1. Within segment 111-129, which residues are open to solvent by 20 Å² or more (accessible area, probe 1.4 Å) and either of a type in the set (D, E, K, R) or in contact with a helix residue (DSSP H, G or I) (Cβ under 8 Å, 6 or more places away or on another chain) (or both)?
2. Among the candidates PHE324, PHE295, which residue alone is surrounded by fewer than 24 Cβ atoms within 10 Å (Cβ to Cβ), aromatic (Phe, Trp, Tyr) and in contact (Cβ under 8 Å) with a residue 12 or more places away in the chain?
3. Any residue at all in segment 199-207 that is out of contact with any helix residue (DSSP H, G or I) (no Cβ under 8 Å at 6 or more places or on another chain), more than 21 Å from ALA448 (Cβ to Cβ), modelled with pLDDT of 95 or more and among the hydrophobic types (A, V, I, L, M, F, W, C)?
4. How do the pairs read when you match residues in segment 67-88 that are over 27 Å from VAL110 (Cα atoms) with residues anywhere that are of a type in the set (D, E, K, R) and in a loop (DSSP other than H, G, I, E, B), using Cβ under 7 Å and keeping only pairs 6 or more apart or on different chains?
5. In segment 368-381, what count of residues is obtained for those that are open to solvent by 70 Å² or more (accessible area, probe 1.4 Å) and within 18 Å of THR305 (Cβ to Cβ)?
6. From the list GLU344, GLU246, GLU331, which one is in contact (Cβ under 8 Å) with a residue 60 or more places away in the chain, acidic (Asp, Glu), open to solvent by less than 50 Å² (accessible area, probe 1.4 Å) and on the phi < 0 side of the Ramachandran plot?
7. Filter segment 257-274 for residues that are of a type in the set (A, V, I, L, M), assigned to a helix (DSSP H, G or I) and open to solvent by 20 Å² or more (accessible area, probe 1.4 Å) and give the result.
Amino acid sequence: MTTTRRGLSLLLVAGLGLVAASCGSDDGNKPAAGGASDGPVTITVGCEPPKSNPKEREAWEADVATFQKAHPNITVQGKDAFPCINPDTFQAKLAGGTQEDLFYVYYTDVRKIIEKKQAADISQYVGSVGAVKDLRPDVMGVFKDGDKTYGLPRNNYNMGLVYNRKLFTQAGLDPANPPKTWEEVRDAAKKIAALGPGYVGYGEYSAGNTGGWHFAAELYARGGSMVSDDGKTAAFNSDEGKAVLENLKKMRWDDNSMGTKQLLQWEDLMRMMGGGKLGMMVGAPDVVQSVNNDFKGKFEDYGVTAVPESDGKSSLSGGDGYMFNPKASPEKIKAGLQWLEFHELTPGKGQFDYARSKQQGRPVGLPIPDLYGTSAPGNEITALRKQYATVPVDNFAPYVAAQGNITNKLEPPKAQELYAVLDVAMSAVLTRKDADINKLLSDAESKANKILAKNT
């Protein structure tokens, strides 16, 4: 999950979805998804930016006007909410079928929604959305079940290693060549910690479910899994899982590169990174935006690369998109697909209109969302980001370069409950020099299996 979402999810056990940027112009809005319907149709669309976010709300309303001018038979009625998903009402709306015609979802909810038949099968219509063929297979696969399709993505990201380029330079490290292995992380962390009192080479979470979250990210990067393929049993008590904890234990106690203050949660590392004395942490690229906006950091001081040793393996990923109310008529589905193609999937338009984002004073240049990889639309979006960048895109080049050989891997079932269990193991190795890793993982496995056995 993204940093913005993580902050709220720890309170709600759900997330705060980032509200989409949007835009448009009259050209390029070609008919899609089977063409226009014969008569007028109105569609309701979730996750309209709230009025409390005036720049994105203004962009959304301008896009609706542009889209409706090109498609005069379609009326788009946005439904705003903050956050876009309220966990107290989301499941009730799904169960009652009172969701919008196009309702907003997190990746982690998609599978359950499909299994419960709470979304429409759009397979017979989605093929006429030209962008679908270029979407990353692992991204599009989130919304598929066999040969059937149930939605389209809007946002996609995976975890990386966020680092302070300024500290790298001060420590005699090359900020353009960040660590690719955990041994290189250890070496860099020791050099940064040696800069003086208060400097921390590598920071790690271990409380409030964040420790388990980062355990999963580092486990995936090593090629491990949190659960079995069928999702019924824990799989993290493995060589890869042991390697995660052993590495952290060495950095904490042998290298003294992680600082003495532990039991850190989401805001702690963000504040440390913004304060300029933390060298590295695992996080998605939007960490840099949050550090800049909320914790007094500066975009130019930070870089992002892939999680060490994830090359050819996996990275913990997340994102969001839209599914269709199972009660939606074919006309509504066709109209909804036309809107999604325009607003979420077209380079230079909708959420990808970086020219307008720059004009509005919003940050441009972060390498998310990554919907297309290195396909033609993906390359076009990358070029537009660079053309209208307001942040130093070269700082993210190592992260971008690694993506072609990394597979996105979603959070496990019962993610928050499993993360809470693994917080115990993470906190133990960071606060007790004599922590028994085998016992910690064995105990966590036993607890996780009981959690996974419930309502499987």
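The values are calculated or read from the model by the stated rules, or taken from the named source; none is laboratory data. Quick caveat, the model's predicted, so the values are computed rather than measured. Cβ sites come from the backbone with ideal geometry, for glycine too, and all protein chains shown count toward neighbours. The protein model used for the area step is the full one, side chains on, heavy atoms only, and it has no ligands, DNA or RNA in it. Shrake-Rupley method; radii C 1.70, N 1.55, O 1.52, S 1.80 Å.
1. Residues satisfying the conditions are ARG111, LYS112, GLU115, LYS116, LYS117, GLN118, ASP121, TYR125, SER128.
2. That would be PHE295, the only listed residue that is surrounded by fewer than 24 Cβ atoms within 10 Å (Cβ to Cβ), aromatic (Phe, Trp, Tyr) and in contact (Cβ under 8 Å) with a residue 12 or more places away in the chain.
3. The answer is no; no qualifying residue exists.
4. LYS69/ASP26; ALA70/ASP26
5. 1
6. GLU344
7. MET272
Residue-wise test of (1) of a type in the set (Asp, Glu); (2) part of a helix (DSSP H, G or I); (3) under 21 Å from TYR106 (Cα atoms); (4) touching a Pro at 6+ places or on another chain (Cβ under 6 Å).
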residue: LYS386; (1), (2), (3), (4): no, yes, no, no
residue: VAL400; (1), (2), (3), (4): no, yes, no, yes
residue: GLN416; (1), (2), (3), (4): no, yes, yes, no
residue: ASP423; (1), (2), (3), (4): yes, yes, no, no
